[in-house]
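A.B. asks: This is the structure I want to talk about, given as structure tokens.
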Amino acid sequence: MKRWIITMVLLAAVLGAAFTEFFVLKNTFGRIETEAAAIKAEMNVDTEHIDTQSILQKVENLEGFWLSRKPAASVMINHILLMEYTAILGRLKTNIIINEYPMAQVEADNLLRQTDELRELHTPYIKNIF
């Protein structure tokens with residue numbers, strides 16, 4: 001009887017950790033995707049002047065949000081993928097600061113694509129198990 005209880009407690013702990021990981025990453029990447037899409041849309045309004053205070057503030061907020069969530073995500077995501085994700089965000093910010101629209105557009109697209117890939121990678125599909 002004790003073995004059965006211990007087994008169930010361990011199973012519940014593993015499942016609880018898995019669901020927590022799923023929801024934390026889902027919420028994190030959902031918010032990043034929303035904010036990155038808003039930045040991209042605002043950049044497309046005036047492609048000559050993307051270094052506006054509004055866009056810079058949105059990028060600062062997005063970067064701050066990511067850096068606050070990165071320590072928790074580093075437990076769940078490959079570190080190389082995290083470094084690349086952080087680098088994409090840094091390049092987006094830099095290209096906006098220097099008013100380089102074509103490269104900022106590329107980095108915004110990269111950020112959105114990488115966000116989708118990381119979300120899919122950490123969603124419990126059968127292909128991710130085997």
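A.B. asks: Expected output is a single nm value to one decimal: the length gained when fully extending between GLU42 and SER54, i.e. 0.36 nm times separation in residues minus the C-alpha distance. What is it?
C.D. replies: Gain on extension, GLU42 to SER54, equals 3.4 nm.
A.B. asks: Tell me which residues come under 5 Å, amide H to amide H, from ASN99 once H is placed; ignore anything under 5 positions away on its chain.
C.D. replies: Those qualifying (amide H under 5 Å, at least 5 residues apart or on another chain) number zero.
A.B. asks: Also, I was wondering about something else. Carbon and sulfur atoms: what percent of the 1.4 Å accessible area of the chain do they account for?
C.D. replies: Percent of accessible area from carbon and sulfur atoms in the chain: 65.
A.B. asks: Quick check for you: with a 1.4 Å probe and neighbouring chains kept, what is the accessible area per residue of the chain, in Å²? Intermediate values should be presented prior to the final figure.
C.D. replies: Working: 8070 Å² over 130 residues.
Per residue, the chain has 62 Å² of solvent-accessible surface.
A.B. asks: Across the chain, how many lysine pairs separated by 8 or more positions, or lying on different chains, have Cα atoms within less than 17 Å?
C.D. replies: Final tally of qualifying lysine pairs is 4.
A.B. asks: For the chain, what ratio Rg/Rh do Cα atoms give with a Kirkwood hydrodynamic radius?
C.D. replies: Values: Rg = 18.5 Å, Rh = 16.3 Å.
Rg divided by Rh gives 1.14.
A.B. asks: Turning to a different aspect of this structure: 222 nm [θ] for the chain, helices only, -39500 (n - 2.57) per DSSP H run of 4+, per residue, to 500? Please list the in-between numbers first.
C.D. replies: Details: 5 runs with 112 residues, N = 130.
Using -39500 (n - 2.57) per qualifying helix, the result is -30000 deg cm²/dmol.
A.B. asks: While we're here: Could you list the GluC sites (Glu not before Pro) in the range 48-130 that lie in coil according to DSSP, counting only those with at most 10 other Cβ atoms within 10 Å of their Cβ?
C.D. replies: Loop-located and lightly packed - GLU48.
A.B. asks: Once you place label points 7 Å from the Cα toward the Cβ at MET76 and ILE98, how far apart are they in nm?
C.D. replies: 3.4 nm
The values are calculated or read from the model by the stated rules, or taken from the named source; none is laboratory data. As the structure is a computational prediction, the values presented were derived from the model and not from experiment. Cβ atoms come from the backbone with ideal geometry, glycine included; neighbour counts cover every protein chain shown. Heads up: the accessible areas ignore ligands, DNA and RNA and are worked out on the full protein's heavy atoms, side chains in. Shrake-Rupley method; radii C 1.70, N 1.55, O 1.52, S 1.80 Å.
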